[in-house]
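Engineer: Please find one structure pasted underneath; my questions will follow.
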Amino acid sequence: MSSDIDFSSWTCPLPLRDYPNIVLGHGGGGKLSAELVENLFLPAFRNPAIECLGDSAILRIPAGRLAFSTDSFVVRPLFFPGGSIGELAINGTVNDLAMSGARPLYLSAGFIVEEGLPMAMLAKIVERMRVAAEKAGIQVVTGDTKVVEKGHGDGCFINTAGIGMIPDGREVGPARAKPGDAIIISGTIGDHGMAVMSVREGMEFDTVIQSDSAALHGLVEAIFAVSNEVHALRDPTRGGLASSLNEIAAQSHVGMALNEDVLPVKPDVQSACELLGLDPIYVANEGKLVAIVSSSAADAVLEAMRRHSLGGDAAIIGKVVAERAGMLTARTKIGGTRVIPMQIGEQLPRIC
Amino acid sequence: MKYLNEFRDGETAQKLFREIDRITTRPWAMMEVCGGQTHSIIRNGVDQLLPKGIELIHGPGCPVCVTPLEMIDKALAIAAKPGVIFCSFGDMLRVPGSHKDLFRVRSEGGDVRIVYSPLDALKIARENPDRQVVFFGIGFETTAPANAMAVSLAAKEKLENFSVLISHVLVPPAMEAIMTSPLNRVKAFLAAGHVCSVMGYWEYPPLAERFRVPIVITGFEPLDVLEGIRRAVIQLETGKHEVENAYGRVVSFEGNKVAQQMLKQVFEVTDRGWRGIGVIPKSGWQLNEEYRYYDAEYRFEVTGIETKESPLCRSGEVLQGAIKPTECSAFGTVCTPRSPLGATMVSSEGACAAYYNYGRFVKVEEIATACPVT
């Protein structure tokens, strides 16, 4: 991950330098907007489609099933250990596409920037997006920028939409889980949410908790390389693993039974959660997926995930059952059971 | 964390369950006082694995739950005032007042902020000298020292724009009220470990003696709770009524003397209303004469508060251990964490929320069959 970049050295920023901060005119469609595109966005995302600078990107896509997804990114602080809103904006939409079994191809990027945001900060966000897109092998082919008055935005909001193609033979969806399927998580849970929260709340631990932000389509390819018996895929972002599994349980009309003892959680994430009275199963991830796989393919998929750089801590954490349709349950560490329902709103740090 | 995992070990838990089963010859009802213990019991399913005769009655030790409605309404009124920055622990924000909650006040333009310590609120006061900063200081003896510290620092710094809305409640008077209640079924107490870490347990021997009730100072992890239960059962089975410390790694007899000194300096004992229970004499703290300047109730004129509790909510009976949450007809139907009728459904430590969040709207026997193969 590239850390601080030297703003002065990476583009030809002369016109931008006259404006150390974003002003309303940067979103006005006039000369300032054009300068922003020319000096910031184009150099970062350079590709044939975006360079046409038309009202739309014109793309040639292969025949087959197209996946199309959009997501908006709002995070405070904009930069946190292990990532920034820039990586999230690229990886988030790439992951949404990948969870449909698609191979992501193109993204759009829409920026809503608050007046007064330091230009260097925006440049840094865009640079993070460039690196993330390059790493994911995806092109940002169209974009837009609007500027809102100071106090009307939280620095920078980003929306990305993306398309990808689903190869034949892949049939995944949240309504396809079947009793007997294995539930496999690709790694430790709660890293992203606690990384952001620990910065936001000024908590200090012996080690800095890093966000797990990553594009998961490579891991998805690794899974499909060993089996097409994958019934559902989800990246458990907001609401955490609990929400993803509850959604699949509801849409597939099946029960989900977990074993808490084998849920992978990093010790520092667990400690931070204990401190705030949070349950990691509800905490956001940005680089993990949960796969619902037929039991006959479970071992092969698990092995394939573990061989991949983003799946080293993958584990089978439970199974799909016919009983208790729509419900997620877990066997606790001491051998009791509990139901893990959808969370109502945000988890609230408790009092003592 | 290694330290914590030791107190969640499945094998040791099974040994303790077997031991409790072995020594129990007849039914016993005991109360875990603290909401944190209730949360741990329900989350881990401790109650499902105990011998049938051992009943855990969930006590009133959830500070969010027992804060009186009038105080919540006062908080809402103060938070809505222009110029006020109202700071609170997170789980107070969703507690319903008579008409709304703090989240609603925030959405209507009130400056309501979640903080993790009253000292954070103090910092906000220093940084915003032109605003009135109010901290909602609720809780048991556990949270009181930090509030006392904040007030004492504010006084030292002559910080005039800081105040606290205090609604502190005390555990021993509540235990006494439970034992003298005609509804009482409690035969032993698992006392609140964290409260005792501050206060020690020198207040308990007279209670144990007077009511002939065993009191075991108990922690919060599953193995802590099981050890507390085991010791309580031994006492009950042998006809003893002593005060025992099963949370020795945290609690001493004297408690934290520095904290107690700080509390003495800033607070005085007062009668206090408990939501769902009523006024318990000498069961709370308020700022004493010397520090009254920092009391938000005195600083802000808040009048015309008419409280209105839901007629359906039976949280009072739940808090006194008279009924289990599932025995309330509103539980899980009109009353859920999404639209709570009473505070016991809001805080994660409230018995109703613990039952709901860990799925006790389904029969225990039904979910107990959920056993994943991995």
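The values are calculated or read from the model by the stated rules, or taken from the named source; none is laboratory data. These figures come from a predicted structure and were not determined experimentally. Cβ placement follows ideal geometry from the backbone for every residue including glycine, while neighbour counts extend to all protein chains displayed.
Engineer: Would it be correct to say that B:GLY109 is at pLDDT below 90, more than 30 Å from A:ALA330 (Cα to Cα) and part of a loop (DSSP other than H, G, I, E, B)?
Structural biologist: Numbers: at pLDDT below 90: no; more than 30 Å from A:ALA330 (Cα to Cα): yes; part of a loop (DSSP other than H, G, I, E, B): yes.
Spelling it out, it is not the case that B:GLY109 is at pLDDT below 90, more than 30 Å from A:ALA330 (Cα to Cα) and part of a loop (DSSP other than H, G, I, E, B).
Engineer: Consider B:GLY273 against the criteria (1) crowded, with 18+ Cβ neighbours inside 10 Å; (2) at pLDDT 95 or above; (3) closer than 25 Å to B:ALA150 by Cβ: it satisfies all of them except one. Which criterion is unmet?
Structural biologist: All conditions pass for B:GLY273, except number (2).
Engineer: Still on this structure, I have one more. Give the residues of the stretch A:147-163 that are surrounded by 19 or more Cβ atoms within 10 Å (Cβ to Cβ) and either free of Cβ contacts under 8 Å to residues at least 60 places away in the same chain or touching a Phe, Trp or Tyr at 6+ places or on another chain (Cβ under 8 Å) (or both), sorted by residue number. Quick ask: steps written out before the conclusion?
Structural biologist: Step one: of the stretch A:147-163, the residues surrounded by 19 or more Cβ atoms within 10 Å (Cβ to Cβ) are A:147, A:155-158, A:160, A:162-163.
Result: A:CYS156, A:PHE157, A:ILE158, A:THR160, A:GLY162, A:ILE163.
Engineer: Okay, moving on. I'd like the full set of residues that are surrounded by fewer than 24 Cβ atoms within 10 Å (Cβ to Cβ) and either in contact (Cβ under 8 Å) with a residue 12 or more places away in the chain or not in a helix (DSSP H, G or I) (or both), limited to the stretch B:143-157.
Structural biologist: B:THR143, B:PRO145, B:ALA146, B:MET149, B:SER152, B:LEU153, B:ALA155, B:GLU157
Engineer: Given (1) in contact with a Lys or Arg (Cβ under 7 Å, 6 or more places away or on another chain); (2) part of a strand (DSSP E or B); (3) within 19 Å of A:SER296 (Cα to Cα), identify the lone condition not met by A:MET165.
Structural biologist: If we test A:MET165 against (1) in contact with a Lys or Arg (Cβ under 7 Å, 6 or more places away or on another chain); (2) part of a strand (DSSP E or B); (3) within 19 Å of A:SER296 (Cα to Cα), just (3) comes out false.
Engineer: Hey, among the residues in the stretch A:243-259 that are under 24 Å from the mean Cα position of the chain (by Cα) and facing another protein chain (nearest Cβ under 10 Å), which one's farthest from B:HIS39 (Cα to Cα)?
Structural biologist: Residues of the stretch A:243-259 under 24 Å from the mean Cα position of the chain (by Cα): A:243-252, A:256, A:258.
In the following step, the residues that additionally are facing another protein chain (nearest Cβ under 10 Å) were identified as A:256, A:258.
Values: A:MET256: 23, A:LEU258: 20 Å.
This residue is A:MET256.
Engineer: State whether the residues of the stretch A:263-277 include one that is charged (D, E, K, R), within 24 Å of A:THR93 (Cα to Cα) and not in a loop (DSSP other than H, G, I, E, B).
Structural biologist: Of the residues in the stretch A:263-277, the ones charged (D, E, K, R) are A:266, A:268, A:274.
After this cut, where a residue has to be within 24 Å of A:THR93 (Cα to Cα) as well, the list is none.
Taking every residue of the stretch A:263-277 in turn, none turns out to be charged (D, E, K, R), within 24 Å of A:THR93 (Cα to Cα) and not in a loop (DSSP other than H, G, I, E, B).
Engineer: Based on this model, can you work out whether B:MET175 counts as surrounded by fewer than 18 Cβ atoms within 10 Å (Cβ to Cβ), under 30 Å from B:GLU209 (Cα atoms) and in contact with a helix residue (DSSP H, G or I) (Cβ under 7 Å, 6 or more places away or on another chain)? Spell out how you get there, then give the answer.
Structural biologist: Values: surrounded by fewer than 18 Cβ atoms within 10 Å (Cβ to Cβ): no; under 30 Å from B:GLU209 (Cα atoms): yes; in contact with a helix residue (DSSP H, G or I) (Cβ under 7 Å, 6 or more places away or on another chain): yes.
Judged against the criteria, B:MET175 is not a match.
Engineer: For the stretch A:315-328, state whether one or more residues are surrounded by fewer than 16 Cβ atoms within 10 Å (Cβ to Cβ), at positive phi and in contact (Cβ under 8 Å) with a residue 40 or more places away in the chain.
Structural biologist: Yes, there is a match, as at least one residue in the stretch A:315-328 is surrounded by fewer than 16 Cβ atoms within 10 Å (Cβ to Cβ), at positive phi and in contact (Cβ under 8 Å) with a residue 40 or more places away in the chain.
Engineer: If we keep just the residues of the stretch B:51-76 that are under 19 Å from B:ILE114 (Cβ atoms) and hydrophobic (A, V, I, L, M, F, W, C), which is farthest from the other protein chains (Cβ to nearest Cβ)?
Structural biologist: So, considering only residues that are under 19 Å from B:ILE114 (Cβ atoms) and hydrophobic (A, V, I, L, M, F, W, C), the one farthest from the other protein chains (Cβ to nearest Cβ) is B:LEU76.
Engineer: May I ask you to verify whether A:ASP96 is closer than 30 Å to A:ILE248 by Cα, out of contact with any strand residue (DSSP E or B) (no Cβ under 7 Å at 6 or more places or on another chain) and of a type outside the set (A, V, I, L, M)? Step through it out loud before you land on a result.
Structural biologist: Values: closer than 30 Å to A:ILE248 by Cα: yes; out of contact with any strand residue (DSSP E or B) (no Cβ under 7 Å at 6 or more places or on another chain): no; of a type outside the set (A, V, I, L, M): yes.
No, not satisfied.
Engineer: Need the failing condition index for A:ALA225 against (1) modelled with pLDDT of 95 or more; (2) assigned to a loop (DSSP other than H, G, I, E, B); (3) aliphatic (A, V, I, L, M); (4) surrounded by fewer than 20 Cβ atoms within 10 Å (Cβ to Cβ), just the number.
Structural biologist: (2)
Engineer: In the stretch B:113-128, how many residues are within 14 Å of another protein chain (Cβ to nearest Cβ) and not in a helix (DSSP H, G or I)?
Structural biologist: 5
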